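The values are calculated or read from the model by the stated rules, or taken from the named source; none is laboratory data. Just so it is clear, the structure is predicted and the values come from calculations on it, not from any experiment. So basically every Cβ, Gly included, is an ideal-geometry build from the backbone, and we count neighbours across all protein chains shown. Surface areas here come from the heavy atoms of the whole protein model, side chains and all, with no ligands, DNA or RNA. Shrake-Rupley method; radii C 1.70, N 1.55, O 1.52, S 1.80 Å.
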Amino acid sequence: MLMAHIRRKRKLALTLSLVFTAFAAFGFSSPPAPSKQAQRGKVWRPTRIPAGVNFVGSQVCAECHKDKVAVQGNSSMGLALELVAEAPILSSRKRLDFRDGKFSYEIVRKGDQSIYTVTDGRETISEPILYSFGQGKAGQTYLLKYAGDYYESRVSYYAEIKGLDFTLGYQDTRPQSALEAFGRKLPRDEVMQCLNCHSTGAVSGNQLHLDKLAPGVRCEACHGPGAEHVAAGKEGLPNKDKIFNPARLGGDGLSQDFCGSCHRSAEEIVMAPKRIGLNGVRFQPYRIFGSKCYSDDRRISCMACHNPHESASHDEAYYDAKCLACHQPGRGSGAAAKHSQSGEGGDAPGCKVGAKNCASCHMPKTDLPGSHFKFTDHRIRIAKPGEPYPY
Amino acid sequence: MFACLVLLLTLWFAPAQEREIVHQSEEHFARGVELQQKGDLEGARAAYEAALKLIPRRIDALSNLGVIFAKLGQYDQAIIRYQQALAIDPKEHSIRLNLGIAYYQIDKYQQALGEFEPVVKAQPDNIQARFLLGMCLFETGKLKESAAELEKVYGAQPDNTAVAYALANAYLQDEQVEKGRALIDKVFRELGSAEAHLIFGLLDLARRELQPAVEELKRATQLNPKLPTAHSQLGVAYLLSGARELAIQEFKQELEFNPRDFIANVRLGWLYREDEKLEAAEPLLRRALELRPDDPGALFQLAQLVQARGKIDETVKLLEKVVTILPDYTQAHVLLARLYFKLKRADDAKREQAIIERLTAEQQKKQPTAESQKP
């Protein structure tokens with residue numbers, strides 16, 4: 001009896017302590033969402049610039065790499081962000097306008113500025129555009145600032161219609177105020193993400209440094225800080241290892257970790273909280289990852305087909321040689337097995353239909369509603385008519 | 001009871017010398033009980049050990065010695081004594097309960113679960129055992145089962161705020177937000193204590209109302225800076241709000257006085273891993289996995305960490321474990337496919353690709369339409 005009493009006392013004490021333990025132990029771990037900060041290894045990541053990093057600027061790079069810097073500066077990536085004063089689309093149009101129900105929009109050029117205005121007749125918000133995102137070959141969206149917060153413009157310029165329309169994703173939104181119609185307030189992380197991928201030097205150590213912003217994706221965005229490389233070169237010392245070269249990455253690492261850090265990797269897209277749907281066609285690393293011929297082979301990586309120093313070619317024939325590097329005409333399905341097993345992109349089967357304009361059938365152009373643009377679907381496949389868009 | 005009967009019979013029929021041994025053992029045991037009641041734990045321990053030296057299979061002495069060791073914080077020793085006692089009589093449910101509690105105290109929730117389950121099965125009305133079972137289920141991530149057990153406990157003890165707190169928390173973590181809110185409103189609205197602010201903060205967190213969550217959790221930490229989990233939950237709220245540095249500070253603070261907090265370990269380890277502070281991240285993630293060996297989130301973080309260290313084979317093993325535990329963890333399948341490609345395991349990689357395609361299609365159907373997915 002006494003023993004039982006002692007046990008009971010003990011149990012009571014333990015129960016009380018368990019209440020505290022219970023308080024101490026609450027919580028759970030859900031599978032973590034993909035993080036913009038995530039990176040692996042010691043390679044340079046365009047979206048992950050450590051604090052204190054300073055860039056020398058592309059003018060310094062041009063002292064040795066003049067032609068490359070010049071060409072890159074006029075490429076799609078080089079022009080991924082434009083300063084409003086110099087932006088051709090904005091500077092060449094005195095006025096752009098658009099109407100959505102009771103809200104009317106206009107972008108008016110005033111000197112070196114373009115003023116973005118939205119009004120419902122009673123309330124008007126008018127602010128100068130800070131930066132223009134995108135060269136405008138497909139479209140161009142604007143970064144705005146209002147009352148200390150950054151906003152993504154609710155309307156964008158589209159080349160196909162030569163005018164304004166809803167920014168992608170806003171077609172179904174129903175703003176209740178001029179501010180809601182003005183645009184979407186961007187969280188700080190998202191502002192940094194936008195600027196990291198469209199400009200150079202604006203973000204380091206998870207902080208915005210707009211004073212250091214160089215428009216577009218320039219040399220050091222992909223190659224990392226060039227000071228040591230430049231200094232060694234000026235002293236006549238070997239300097240190739242003093243700068244990061246993404247071309248040395250493996251095929252998968254290049255496509256997913258490096259290019260995918262801006263163009264969106266498969267890992268990021270599969271964890272997206274909202275339905276990507278057809279919109280996913282814009283995110284090439286994610287799309288190519290689902291291709292049957294995807295592997296770690298560099299012949300299926302981004303740089304196998306695209307020279308990042310130049311704009312992507314729109315000549316389909318240009319890409320034929322890239323496909324034929326693996327898919328040699330006349331080879332049958334036995335070769336496919338070899339291709340699959342090796343994982344090295346050995347001799348893949350040739351096409352039974354032809355050896356020209358491969359991409360026209362295997363990477364179909366996809367019309368993304370609202371984008372006024374047809375995107376090349378980088379999910380390489382035998383696309384059959386009427387077949388649903390594969391995720 | 002059976003043990004006492006055996007002892008009495010032994011005394012009755014034993015020869016004089018043996019009767020003397022039994023008598024001495026009883027004296028040691030009685031002294032142990034007396035010292036234990038007076039709080040002299042070391043003295044009680046010596047007395048019980050003396051009783052056991054004379055009669056090693058004394059279940060009462062083994063059990064009480066286990067209690068003494070537990071009280072001294074020597075849970076490993078307590079567990080050994082309880083196990084020895086249960087080896088003599090496996091049906092001693094009170095000893096089994098104490099064994100489960102000892103496991104619980106050292107965060108071995110899986111083992112504790114293995115002890116509480118048979119106790120509850122044998123004694124369905126044992127509310128304490130059921131509460132502990134509910135807590136263990138919670139700790140091992142079995143949230144629905146945990147809520148079901150705790151509902152029964154709460155039904156029997158509706159005035160027990162600790163039980164209400166545990167049940168509300170289980171609801172919230174299981175995303176049964178409405179049930180959680182109703183319970184919280186009923187039980188905690190009037191309290192105004194740090195615990196009440198903590199649970200309101202948890203409720204806001206569950207609803208992704210981040211600013212109110214931050215305010216509630218801050219208030220909880222102000223009222224009681226050492227309230228377990230308050231700092232780690234505030235860290236989570238900061239993290240979801242994008243205030244990364246503040247989150248790191250809160251997780252660090254939690255670990256200062258509550259080093260075995262799962263959330264703080266796994267989240268801080270994750271953040272350090274992202275910052276490439278791998279040396280700092282690894283012990284945190286490994287500690288998190290000591291607490292919850294099968295937590296897919298913690299396993300995934302550790303997998304990414306060992307991958308960053310170039311240990312591809314270990315990464316693959318960890319990821320394979322992740323997708324075994326959580327087969328629809330698409331992100332883990334993506335990483336696994338990529339590693340298989342690197343390892344030239346093309347067939348495995350293709351299999352993963354097919355899984356990813358299926359899961360992505362399923363997820364796309366479930367998710368709301370994208371409002372904005374700008375590159």
Exercise. Given the residues A:Asp149, A:Asp120, A:Asp172, which is the only one that is more than 17 Å from the chain's Cα centre (by Cα) and away from every other protein chain (no Cβ under 14 Å)?
Worked result: A:Asp120
Exercise. Could you say whether any residue in the stretch B:253-273 is at pLDDT 95 or above, more than 20 Å from B:Cys136 (Cα to Cα) and of a type in the set (Asp, Glu)?
Worked result: yes
For this session: Return the only residue of B:Asp185, B:Asp159, B:Asp174 being crowded, with 18+ Cβ neighbours inside 10 Å, at pLDDT below 90 and more than 27 Å from B:Glu256 (Cα to Cα).
Result: B:Asp174
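With open to solvent by 10 Å² or more (accessible area, probe 1.4 Å) and either in a strand (DSSP E or B) or among the hydrophobic types (A, V, I, L, M, F, W, C) (or both) as the only criterion, which of A:Tyr142, A:Tyr116, A:Tyr151, A:Tyr105 stands out?
Within the list A:Tyr142, A:Tyr116, A:Tyr151, A:Tyr105, the selection yields A:Tyr151.
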Exercise. Within the stretch B:37-104, which helices (runs of 4 or more DSSP H) (wholly inside it) include 2 or more residues that are aromatic (Phe, Trp, Tyr), farther than 13 Å from B:Ser25 by Cα and within 22 Å of the chain's Cα centre (by Cα)?
Worked result: B:75-88
Problem set entry | Residue within the stretch A:224-244 that is assigned to a helix (DSSP H, G or I), on the phi < 0 side of the Ramachandran plot, of a type outside the set (Phe, Trp, Tyr) and within 17 Å of the chain's Cα centre (by Cα) present | no
Seminar exercise, completed: Note on the stretch A:187-241: residues touching a Phe, Trp or Tyr at 6+ places or on another chain (Cβ under 7 Å), more than 14 Å from every other protein chain (Cβ to nearest Cβ) and open to solvent by 30 Å² or more (accessible area, probe 1.4 Å) are A:His223, A:Pro225
Exercise. Can you name the residue in the stretch B:328-344 that is open to solvent by 40 Å² or more (accessible area, probe 1.4 Å) and at the interface with chain A (Cβ under 7 Å from one of its Cβ atoms) and is also nearest to the chain's Cα centre (by Cα) among such residues?
Worked result: B:Lys342
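Each row is one residue, and each column tells you yes or no for (1) assigned to a loop (DSSP other than H, G, I, E, B); (2) at negative phi; (3) surrounded by fewer than 16 Cβ atoms within 10 Å (Cβ to Cβ).
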position: A:Val56; (1), (2), (3): yes, yes, no
position: A:Ser76; (1), (2), (3): yes, yes, no
position: A:Leu90; (1), (2), (3): no, yes, no
position: A:Asp97; (1), (2), (3): no, yes, yes
For this session: For B:Glu216, indicate whether it is touching a Gly at 6+ places or on another chain (Cβ under 8 Å), without any contact (Cβ under 8 Å) to a residue 24 or more places away in the chain, open to solvent by 30 Å² or more (accessible area, probe 1.4 Å) and more than 14 Å from every other protein chain (Cβ to nearest Cβ).
Result: yes
Seminar exercise, completed: Screening A:Gly280, A:Gly260 for residues that are touching a residue at least 60 places away in the same chain (Cβ under 8 Å), closer than 30 Å to B:Lys365 by Cβ and buried (at least 22 other Cβ atoms within 10 Å of the Cβ) leaves only A:Gly280
For this session: Test B:Val33 against the criterion of being of a type outside the set (Lys, Arg), within 18 Å of B:Ala85 (Cβ to Cβ) and at pLDDT below 90, and give yes or no.
Result: no
For this session: Would you list the helices (runs of 4 or more DSSP H) that sit entirely within the stretch B:248-342 and hold 3 or more residues that are of a type outside the set (Lys, Arg) and under 21 Å from B:Val236 (Cβ atoms)?
Result: B:262-274, B:278-291, B:296-308
Exercise. For the stretch A:242-254, does any single residue satisfy the condition of being away from chain B (no Cβ under 12 Å), in contact (Cβ under 8 Å) with a residue 40 or more places away in the chain and among the small types (Gly, Ala, Ser)?
Worked result: yes
For this session: Take the stretch B:257-281 and flag every residue that is farther than 22 Å from A:Asn206 by Cβ and either among the basic types (Lys, Arg) or more than 12 Å from chain A (Cβ to nearest Cβ) (or both).
Result: B:Arg260
Problem set entry | Number of the condition not met by A:Arg184 [criteria: (1) surrounded by fewer than 16 Cβ atoms within 10 Å (Cβ to Cβ); (2) without any contact (Cβ under 8 Å) to a residue 40 or more places away in the chain] | (1)
